[in-house]
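Here is the structure we will look at.
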Amino acid sequence: MPGNNKVADAIETNVDSLIAAWVECVQKNVPASKDKSPLVLINHLKDFFHTLIKALRDQDFKLQNVANFKLSEDHGKQRAGLTDYSINQVIQEYHLLRTTIFDFLDERAPVGRRERNIINEFIDDFIRTASATFSDELRKRLTDALKMRDDFISTISHELKTPLTSMKLQTQISKRNIVKRLQGAAPVEGIIRFIDQKEKGINRLNHLVEDMLDSSRINSGKLRLEKEDFVLSDAVQEVLAEMAPYLAECRSTIHTDVPEGVHLYCDKFRFEQILINLLSNAAKYGAGGSIELVAHLKKDEIVIEVQDHGRGIHKKDQERIFQRFERVNSPGERNGLGLGLYIVRQLTNMLGGRIWLKSKVGKGSNFILQLPLQS
Ligand SMILES: Nc1ncnc2c1ncn2[C@@H]1O[C@H](COP(=O)(O)OP(=O)(O)OP(=O)(O)O)[C@@H](O)[C@H]1O
Ligand SMILES: [Mg+2]
């Protein structure tokens, strides 16, 4: 039954100042909250006080009649996502709420035993729910992280094993051929061919390791750009020369249409790395068809498109493939770590540009890169 209650009245007319006092107190006392604004609890504090006021006025109040507050669940969950929060700090935020309320009421309204119990029951119930959700969420995140680590170890082992196995085989054959050659029975060309193949394997391993290093540099904010002035068509020619053996291996032909004399001022090495990744995907997933690399100026930006005519990418996968380790698997899929497009998107952002794609399953994909001439 609702009735008059002085404590409820005092809280009701001062909800905003109570919240402000609590925020000040938390930011002074809970280290992890310092740069968190607004505090998560704040979104729900009005509901909290509203329910508390009702409970104080209800002579038949029982805590179990109050629906379990979603706010403490949200609070625990959100705090678990912030690495600098410990469970003690989550609990401390509630204890400070309790102190704030009692300090405030001390000066304004006499708090009887019944009211004190209700306020304490509310806060204790919140602490229970928030800490349980906090622990559950941490456990879930840990399990996800462990699974991701296991998946990563398995992918990377597979990726490293493939070139290592063939390099081992090539080394054994080369050794046999050298012995034969010394006995005058093996042609030099055969030996050179195997050494060439070994070099390819080494390049592939090198590439994998470089991608992993770049991805971790990007993730930890340690990748630094070095700007320089260069001519777009020269950079494209260099990339094509470097990629010629791979394009030939994938039986891809390439057509370019790039304006002459366009200068870019940005990190040339990283710019070329973006093109190499896009072209290698176009070759890898392009089913041996033609690839078009075209560029045009748009105000003070350059727009570069890499178009292939391969299997295409389903709409639902088009955003996901820019994330780390995300791949679209299909039977007989060629190898890869799923890092290429992640690196491309991150580098593009760092160069002040953007990248997106248009694609139709079975028809091919068009990756569009837009970069400022000067970044
Ligand atoms: N041109 C394309 N056509 C079709 N699918 C593509 C194309 N480019 C990328 N994809 C899909 O997107 C996924 C992610 O590409 P990404 O370049 O990030 O990784 P990857 O090529 O698998 O490995 P790597 O780390 O060696 O680049 C690929 O696995 C492939 O499924
Ligand atoms: Mg790739």
Checklist outcome for this item: Only unsatisfied item for residue 320, checking (1) in contact with a strand residue (DSSP E or B) (Cβ under 9 Å, 6 or more places away or on another chain); (2) without any contact (Cβ under 8 Å) to a residue 40 or more places away in the chain; (3) more than 7 Å from ligand 1 (Cβ to nearest atom), is (1)
Next on the checklist: Pairs needed: first member in segment 243-258, closer than 16 Å to residue 199 by Cα; second member anywhere, not polar (S, T, N, Q); C-beta distance under 7 Å; at least 6 residues apart or different chains.
Outcome noted: 243/276; 243/279; 246/283
Item to check | Which numbered condition residue 328 fails, given (1) near ligand 1 (Cβ under 7 Å from one of its atoms); (2) surrounded by 17 or more Cβ atoms within 10 Å (Cβ to Cβ); (3) within 26 Å of the chain's Cα centre (by Cα) | outcome: (2)
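Every residue, every condition in (1) at positive phi; (2) over 23 Å from the mean Cα position of the chain (by Cα), yes or no:
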site	(1), (2)
142	no, no
154	no, no
159	no, no
162	no, yes
165	no, yes
169	no, yes
173	no, yes
178	no, yes
184	yes, yes
Checklist entry - Which of the residues spanning segment 273-295 are within 16 Å of ligand 2 (Cβ to nearest atom) and surrounded by fewer than 17 Cβ atoms within 10 Å (Cβ to Cβ)? => result 287
Checklist entry - What about residue 235, is it assigned by TED's automatic domain parsing to the domain that holds residue 324 and loosely packed, with under 12 Cβ neighbours inside 10 Å? => result no
Item to check | Unmet criterion (only one of (1) exposed (fewer than 13 other Cβ atoms within 10 Å of the Cβ); (2) assigned to a helix (DSSP H, G or I); (3) not basic (Lys, Arg)) for residue 162 | outcome: (1)
Checklist entry - Can you name the residue in segment 351-372 that is under 19 Å from residue 271 (Cβ atoms) and out of contact with any Asp or Glu (no Cβ under 8 Å at 6 or more places or on another chain) and, of all such residues, is nearest to ligand 1 (Cβ to nearest atom)? => result 357
Checklist entry - Which of the residues belonging to segment 325-368 are farther than 27 Å from residue 300 by Cα and either among the aliphatic types (A, V, I, L, M) or more than 12 Å from ligand 2 (Cβ to nearest atom) (or both)? => result 328, 329, 330, 331, 332, 337, 339, 360, 361, 362, 363, 364
Next on the checklist: Return the residues of segment 251-270 that are closer than 14 Å to residue 373 by Cβ and surrounded by fewer than 14 Cβ atoms within 10 Å (Cβ to Cβ); say none if nothing qualifies.
Outcome noted: 259, 261, 263, 265
Checklist entry - Does residue 224 satisfy the criteria of being within 29 Å of the chain's Cα centre (by Cα), charged (D, E, K, R), surrounded by fewer than 15 Cβ atoms within 10 Å (Cβ to Cβ) and more than 24 Å from residue 293 (Cβ to Cβ)? => result yes
Next on the checklist: Please go through segment 272-290 and give me each residue that is closer than 17 Å to residue 256 by Cα and more than 9 Å from ligand 1 (Cβ to nearest atom), ordered by number.
Outcome noted: 272, 274, 275, 276, 279, 288, 289, 290
Next on the checklist: I'd like to know if segment 294-315 contains one or more residues that are more than 8 Å from ligand 1 (Cβ to nearest atom), without any contact (Cβ under 8 Å) to a residue 24 or more places away in the chain and under 27 Å from residue 205 (Cα atoms).
Outcome noted: no
Checklist entry - Is it true that some residue in segment 273-285 is among the hydrophobic types (A, V, I, L, M, F, W, C) and farther than 21 Å from residue 245 by Cβ? => result no
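The values are calculated or read from the model by the stated rules, or taken from the named source; none is laboratory data. Source: prediction; values computed, not measured. For neighbour counting, all protein chains shown are included, and Cβ atoms are generated from backbone atoms with ideal geometry for every residue, glycine included.
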